[in-house]
Amino acid sequence: MKTPKNIVWICADDFAPYVSGAYNNSIVKTPHIDTLARSGILFEQAYCVCPLSTPSNQSSWTGRYPRSIGVTLSATPLPDTEQTIVNRFKDDGFQTAAFGKTHYYAPQRDDFDVYAERREFMDWAEDHPPRPVPSSIPTLGLWRPFYQPASIWLNSENLPYEAYEEDMTSHFYVQSACQFLQNRERDQPFFLHLGLCDTHSPFRYPVEFRGRHRPEEFEAPPLADFDANEIPLIFQDLTDDEKRGIQAACYTSVEYLDKNIGDLLGALKQFGYSDETLLVFTSDHGYMLGQHGRFEKHSCYDPAIQVALIMSCPGLIEAGQRSKALIELVDVYPTILDLFQKTTPNSIQGRSFAPIVQGRGEDKHREAVIVEYAGNAEAAIRTERFKLIYCAGTIERRDGYSTGEAGPKSLKLFDLQNDPDEMINLANDSKHQGIIDELLESLVKHMKDTELYPGSIPADIEDRPYLQRCLEPIEFRSAIYRRKNR
């Protein structure tokens, strides 16, 4: 099997893989994502390590867990001490380029030889005034999440953005990437990142895409008995019609995402890079479209944590593969290193699944995946069959999704084999106590193994008290720990 020359990593913000044909959705039309999946390997059970963009992406690019790099909140920049996959390949002589959102929070432009994000788009837009959209076409207004009712900032009216495709931000990023491919010197290998965020609320798509989906195509998902006390206040007034409208807007934005991916894939083929480039398509986390009454990530239910993961490279990855192996996004970085026959630093906590990609091993990787969300002091451990979700109930949410009070502390156990929608909590069933104890023990071990400040929490306390103390944002303990250890 050959070693690829280049890397293209496409990341879709807030993209739920179940809204794509490749992941067996028959309503949405995603021909380019579907073609990409057929050309390589699709992972059906890949998961983020945090259902929040900044920590998820920074973990993916470092191969390390959020609590280990000290990034569990949106506003935390990546520490200078962390090496990313971009740093590694740049040090190895690759030309590096980023177009669109990188989720560094504080942009690290020096990591890239070529860079285009929001500032570059605004500069371009000054010299290219947008084509006016007729006033007869209703469009999205100013996006003001949490200051507006959720029905507005979640686009329940399924309105297009006030722009034609040629003036959309994502179009600019994709065309910039295509120009990079056309004009660069071919002798040097490259690492190209494309970050697209139209699938983030309010689900932006151009006026040409309006009318692709109607609310009548969808149904508001049912609720579980335990959902009533846990649905964030901002979602509680949404009507079923509004919920269906939000779904229609999301599906339309996914079709626009697919079109942009198709444009980049076309450029790779046109300029002769397709046969020598490893293509990686991921999302930073999933998204809930009404499951458990929510329209967000910020939780440990499967629709919020399952991610897209597709890899393709002719001559390296056999086409038409699908894998059910349990994968974490932190595993992607060491896998790419393996596929390029590079050594993996000891600091990386992810595990390579290159044997599965190359068809040289059994379709099995992890016994369990672990997810944590510090914004609600909760974590989950998911095996093939069972999932345990623990919420410490120690903080009042300040991420905009408050239920009106701290907590409540909760423990949920789901039998995913018989209850894939996570509707029946088995945690109070005594016959499952052994499974609960085993999963809690594994979850605590993971937290101890990935602790940034060893010894800041006594290691000999019981499992649940330990989780209660360690699941709050690591940033809360950073200043205290640094003062004590000067």
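Tyr273 - would you say it is closer than 22 Å to Leu140 by Cβ, among the aromatic types (Phe, Trp, Tyr) and modelled with pLDDT of 95 or more? Considered against the rule, which asks whether it is closer than 22 Å to Leu140 by Cβ, among the aromatic types (Phe, Trp, Tyr) and modelled with pLDDT of 95 or more, Tyr273 comes out as no.
Among the conditions (1) at pLDDT 95 or above; (2) part of a loop (DSSP other than H, G, I, E, B), the only one that Leu192 does not satisfy is (2). A single member of Thr102, Thr81, Thr62, Thr30 is of a type in the set (S, T, N, Q), on the phi < 0 side of the Ramachandran plot, surrounded by 20 or more Cβ atoms within 10 Å (Cβ to Cβ) and modelled with pLDDT under 95, and it is Thr102. With the condition kept exactly as written, say whether any residue in the range 250-268 is touching a Pro at 6+ places or on another chain (Cβ under 6 Å), of a type outside the set (Ser, Thr, Tyr) and surrounded by fewer than 22 Cβ atoms within 10 Å (Cβ to Cβ). No: zero hits. One residue stands out among those in the range 202-227 that are closer than 18 Å to Gly141 by Cβ and of a type in the set (Lys, Arg): the one that is surrounded by the most Cβ atoms within 10 Å (Cβ to Cβ), which is Arg204. Taken as a whole, the condition of being more than 19 Å from the chain's Cα centre (by Cα), part of a helix (DSSP H, G or I), under 25 Å from Leu36 (Cβ atoms) and of a type in the set (D, E, K, R) does not apply to Lys243.
For Ile69, the requirement of being surrounded by fewer than 21 Cβ atoms within 10 Å (Cβ to Cβ), of a type in the set (Val, Ile, Thr) and either farther than 30 Å from Asn6 by Cβ or touching an Asp or Glu at 6+ places or on another chain (Cβ under 6 Å) (or both) is not met. Output the residues belonging to the range 289-303 that are small (Gly, Ala, Ser) and buried (at least 24 other Cβ atoms within 10 Å of the Cβ). Across the range 289-303, the qualifying residue is only Ser299. Looking for something of a type in the set (Phe, Trp, Tyr), more than 23 Å from the chain's Cα centre (by Cα) and more than 28 Å from Asp91 (Cα to Cα) - is there at least one such residue anywhere in the range 173-181? The answer is no, given that none of the residues of the range 173-181 is of a type in the set (Phe, Trp, Tyr), more than 23 Å from the chain's Cα centre (by Cα) and more than 28 Å from Asp91 (Cα to Cα).
Condition test on Leu388, is it modelled with pLDDT of 95 or more, among the aliphatic types (A, V, I, L, M) and surrounded by fewer than 16 Cβ atoms within 10 Å (Cβ to Cβ)? Here the answer is no, as Leu388 does not meet what is asked.
Residue count for the range 136-154 satisfying the condition of being outside any loop (DSSP other than H, G, I, E, B) and either charged (D, E, K, R) or closer than 10 Å to Ser201 by Cβ (or both): 2.
Residue by residue, here is whether (1) in contact (Cβ under 8 Å) with a residue 60 or more places away in the chain; (2) assigned by TED's automatic domain parsing to the domain that holds Ile336; (3) touching a Lys or Arg at 6+ places or on another chain (Cβ under 9 Å) holds:
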site	(1), (2), (3)
Asn24	no, yes, no
Lys29	yes, yes, yes
Ile41	yes, yes, yes
Val49	yes, yes, no
Gln58	no, yes, yes
Leu73	yes, yes, no
Asp80	no, yes, no
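When we screen Glu422, Glu328, Glu405, Glu372 for residues that are among the acidic types (Asp, Glu) and surrounded by fewer than 16 Cβ atoms within 10 Å (Cβ to Cβ), the only hit is Glu405.
The values are calculated or read from the model by the stated rules, or taken from the named source; none is laboratory data. Keep in mind that what you see is a predicted model, and the values were worked out from it rather than measured. Cβ atoms come from the backbone with ideal geometry, glycine included; neighbour counts cover every protein chain shown.
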